[in-house]
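I have placed the structure first, in the form of structure tokens, so that the comments after it can refer back to it.
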Amino acid sequence: MTTLKIKFRPSSLKDKEGTVYYQIIHNRHMKQFATDFHIFPEEWDDKAIIKPAIKTDIKRIVLLESYRSRISIDKERIYKIIKGFENSASPFSADDIVNSFREYISGFSFFNYAENLIIRKKSAGKERTAETYGSALSSFKKFRENEDILIEAIDCRLIEEYQKYLIERKVSLNTISFYMRNLRSIYNQAVEEGQLPLRYPFRNVFTGIEKTVKRAIPLDIIRRLKKLDLSHYPHLDYARDMFMLAFYLRGISFVDMAFLQKTNLKQGRLTYVRRKTGKKMEIKWTSEMQEILDKYEKNSTSFLFPIITSADGNERAIYRNKALIVNNNLKVIGRILNLNMPLTHYVARHSWATAARNKGIPIEIISEGMGHNSENTTRIYLASIDTSKVDYANSLILESLK
């Protein structure tokens, strides 16, 4: 016969929180172990376990509610451990139950699991996935003030509080969605591997894509950028060249451009596979592209462009650092051109799509040219119709009423 009781031990100091602890009795042997739930005597009730005191502030109420939820989860887990021992038909003790529970807590804390998963992703060569998981985990840790939590204890209330935390710090909806989708992915893998109940804690938070401000610049600005004399500023000249290359190559992403191999260019055709979608791309090599390639000293590595110039195992770190430098320098160029928006490498992708649309090229061809899996994705890149055209259309409608 095995029993579990939830107990409270008041503090020996006046006006200090006491500790909730668990008591397990098996074959008349008792084992007690403390939790990290600290409450005041007036918040303890042997029947309700934990209850808010009169006039308790909302933050304290939320904390006590989380304690109740975690106690319920702990009870469920401890009873599963007891049942497992009983089904094994082997002798066991109260110490065995406690040790198994502590091992479980250590293995299935969210931070611990996520950090191990990130290491596994890196080992499997999925560095981009590891980076996105790491970014989301870092944000969640700040919200939790580095206090780890059991995976089973993650619920809708906690994730909604996290979203509120991000909104209060003026984090954009798309960034919130990025964090939520990556945390959800980590959570779902943990549930699957740990055979835990799936509670859908992310169902009430934003995981979609907000319509973003268009980042395209018109062809006349592209021409000005191309003709801009930057010969006295090599770092800006290089950034401009990388932007123009991206534009010439139908808005190729910086990561795809950085990792292109010399073997990708054969018989006047550049062929590669997009890292994001896995879609095969083929582009006719032109004199404009070759002109930029010839401008720089031939790369001694296997990479086509002068972005990753050292093959020493740190290629991804080199690419990320170069991307940061290029984008910072492009922003300087944007100010020289008096643009009303930051100029970044990504603007080349939006600009190519918009230029193609303005030339009357069908959206399905633009979609194919950009390597999208869906035409809906392509529409995100297309700049809105000029407001002057909308105003003109509206004037025609109003004129018809006269």
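The values are calculated or read from the model by the stated rules, or taken from the named source; none is laboratory data. The shown structure was predicted, so the numbers you read here are calculated from the model rather than taken from an experiment. All Cβ positions, even for glycine, are placed from backbone atoms using ideal geometry, and neighbour counts span all protein chains on display. Ligands, DNA and RNA are excluded from the accessible area calculation, which covers all protein heavy atoms including side chains. Shrake-Rupley method; radii C 1.70, N 1.55, O 1.52, S 1.80 Å.
Can you work out the FRET efficiency for the pair Asp95 and Asp148, with r the C-beta to C-beta distance and R0 = 25 Å, to the nearest 0.05?
0.55
Helix 110-123 versus the longest principal axis of the chain: what angle, 0 to 90°, nearest 10, using Cα atoms?
It is inclined by approximately 40 degrees.
Using the beta-carbon distance between Lys126 and Ser69 and R0 = 30 Å, what value does 1/(1 + (r/R0)^6) give for FRET efficiency, to the nearest 0.05?
Efficiency at R0 = 30 Å is approximately 0.35.
Across the stretch 135-143, in residue order, what do the Karplus-derived ³J(HN,Hα) couplings come to in whole Hz, using 6.51 cos²θ - 1.76 cosθ + 1.60 with θ = phi - 60° and x for Gly and Pro?
5, 5, 5, 4, 5, 5, 5, 4, 4
Quickly work out the Tyr200-to-Lys141 label distance, labels modelled 7 Å from Cα along the C-beta direction, and quote it in nm with one decimal.
So the two model labels end up 3.2 nm from each other.
If you compute percent of Cα pairs over 33 Å apart for the structure shown, which of [x] 28; [y] 52; [z] 33 do you land on?
Evaluating percent of Cα pairs over 33 Å apart on these atoms matches [y].
Output the pairs from Lys164/Lys276; Lys295/Lys322; Lys226/Lys284; Lys47/Lys141; Lys80/Lys164 with a Cα-Cα distance over 28 Å in this structure; if there are none, say none.
Lys164/Lys276; Lys47/Lys141; Lys80/Lys164
What's the ranking of 323-332, 161-170 by average number of surrounding C-beta atoms within 10 Å, highest first? Before the final figure, lay out the partial values.
Details: 323-332: 16.9, 161-170: 14.3.
Highest-to-lowest ranking by the protection proxy: 323-332, 161-170.
In nm, what is the difference between 0.36 nm times the number of residues separating Ser302 and Ile365 and their Cα-Cα distance?
19.5 nm
In nm, to one decimal, how far is the modelled label at Phe40 from the one at Lys279, with both set 7 Å along Cα→Cβ?
Taking the two extended label points, one gets 6.0 nm.
Keeping every protein chain present and rolling a 1.4 Å probe, give me the accessible area per residue for the chain in Å².
Values: 23180 Å² over 402 residues.
I get 58 Å² per residue for the chain.
Under 11 Å from the Cβ of Ala94, count the other residues' Cβ atoms, weight Lys and Arg +1, Asp and Glu -1, and hand me the total.
That works out to 0.
Heavy atoms only, probe 1.4 Å: what % of the accessible area of the stretch 156-202 goes to carbon and sulfur, would you let me know?
Carbon and sulfur: 46 percent of the exposed surface of the stretch 156-202.
What is the helix-to-structure angle for 345-358, meaning the angle in degrees between its Cα long axis and the longest Cα principal axis of the chain, kept from 0 to 90 and rounded to the nearest 10?
Roughly 60 degrees, rounded to the nearest 10.
If packing is taken as the average count of other Cβ atoms within 10 Å, what order do 4-14, 345-355 fall into, highest mean first?
Those peptides, ordered most packed to least, come out 345-355, 4-14.
Under 22 Å Cα-Cα from Lys14, which lysines qualify once same-chain neighbours fewer than 8 residues away are excluded?
Lys51, Lys55
Order these peptides, 88-96, 226-234, 20-28, by their mean beta-carbon neighbour count within 10 angstrom, highest first.
Values: 88-96: 12.6, 226-234: 11.0, 20-28: 16.2.
Output ranking for 88-96, 226-234, 20-28: 20-28, 88-96, 226-234.
Under 9 Å from the Cβ of Ala130, count the other residues' Cβ atoms, weight Lys and Arg +1, Asp and Glu -1, and hand me the total.
+3
Work through the residues other than Ser287 whose Cβ is under 15 Å from its Cβ and net out their charges, Lys, Arg +1 and Asp, Glu -1.
Numbers: positive: Lys226, Arg269, Lys284, Lys295; negative: Asp241, Glu288, Glu291, Asp294.
Residues near Ser287 contribute 0 overall.
Compute the FRET efficiency between Thr175 and Glu76 as 1/(1 + (r/R0)^6), taking r as their Cβ-Cβ distance and R0 = 35 Å, and round to the nearest 0.05.
So, using R0 = 35 Å, E works out to roughly 0.50.
Measure out, as a whole number of angstrom, how far apart the alpha-carbon centroids of the stretch 1-30 and the stretch 237-284 sit.
One Cα centre to the other: 64 Å.
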